[in-house]
1. Evaluate the relative contact order of the range 81-224 (contact order divided by residue number), counting alpha-carbon pairs under 8 angstrom at least 6 apart; express in whole percent.
2. Could you state the number of Å between the C-alpha centres of the range 53-106 and the range 20-52?
3. Between ILE37 and residues 5 or more places away or on another chain, which pairs have amide H atoms under 5 Å apart, with H built 1.01 Å from N, and which residues are they?
4. Picking from PHE46, PHE130, PHE142, which is most flexible by a Gaussian network model of the chain using Cα springs under 10 Å?
5. Take the alpha carbon gyration tensor of the range 87-203, find the square roots of its eigenvalues, order them as a ≥ b ≥ c, and report rounded if a/c is under 1.5; if not, report prolate when a/b exceeds b/c, else oblate.
6. Tell me which of HIS163, ILE42, SER141 sits at the most positive position along the dipole axis of the chain, charges placed on C-beta atoms (Lys, Arg +1; Asp, Glu -1).
7. When every alpha-carbon pair in the range 2-76 is counted, what percent end up more than 14 Å apart?
8. Please report, in debye to the nearest 20, how large the charge dipole of the chain is about its Cα centre when each Lys and Arg carries +1 at its beta carbon and each Asp and Glu carries -1 there.
Amino acid sequence: MATEEVLLKKSGAASQRIADELSRRILDGHLAPGTRIRQEQIAEEFGVSRLPIREALRILESHGLVTLVASSGAWVSSMNLAECQETYLIRERIEPLALGQAIGNVSDATINRLSQLAEEMENCTVVEDFVELDREFHLLSFRDAGMPTLLEMVERLWNTTQHYRRAYVQLIGSEGLEDTNLEHRLLLAAIRRADNRSGEELLAMHVRKTRIALLDHPEIFDRQR
């Protein structure tokens with residue numbers, strides 16, 4: 001029994017390690033939407049059996065990063081323009097709720113980190129760095145909402161749209177991000193004032209702007225699928 005427990009723990013640790021690495025590759029764009037994930041290649045790379053790989057893929061599926069098809073395989077999750085619009089509409093409603101619940105509970109240390117992130121984004125010239133900083137800024141601003149189910153949903157939706165957000169940022173370039181950086185500063189000011197109403201309205205507008213802008217670039221979805 002003890003031996004079985006040790007094996008299960010090792011398998012679980014391997015699954016999480018694989019899931020973490022594949023998650024990083026998907027979120028940073030090294031594995032594009034629609035890419036097939038071949039278990040035999042992962043097994044060879046990580047030196048493991050198929051069992052922890054299957055569990056890792058289930059973890060990634062629960063996070064919205066991978067689509068599993070019975071008796072077929074696994075692919076990096078992808079979406080078309082209509083699916084992305086639907087996802088952004090959902091984000092437009094639930095992220096203001098998360099922020100509104102978090103405002104008032106945000107510590108000075110978190111506000112200082114948000115301020116640092118806003119400054120780093122303003123000085124950022126590398127698209128990938130901006131996307132990573134932007135993700136940290138927003139997910140950190142929600143962290144103190146005290147609603148774990150909601151926050152899990154928010155992060156899953158961020159996972160499914162991150163690739164398309166990156167493609168959009170690449171299109172508009174650093175000059176096109178001036179309005180985005182200003183919006184981050186306005187959001188930060190609302191958080192400092194513990195003004196949940198203004199924060200919620202600003203964030204809804206912030207998400208809506210990206211959703212509408214993506215409508216003007218359907219080629220992003222043709223290229224990424």
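Just so it is clear, none of the values below were taken in a lab; they were calculated from the coordinates. Note that the coordinates shown come from a computational prediction; the quantities given were computed from them, not determined experimentally. Cβ coordinates were reconstructed from backbone atoms using ideal geometry, including for glycine residues, and neighbour counts include every protein chain displayed.
1. Relative contact order comes out at 41 percent.
2. 18
3. ALA74, TRP75, VAL76
4. Most flexible of the set in this elastic network: PHE46.
5. On the way: a/c = 1.80, a/b = 1.26, b/c = 1.43.
Oblate, since a/c reaches 1.5 and b/c is not below a/b.
6. Checked the options; the winner is ILE42.
7. I get 59 percent for the Cα pairs in the range 2-76 exceeding 14 Å.
8. Working: 27 positive and 36 negative charges, 123 e Å.
The dipole magnitude comes to about 580 debye.
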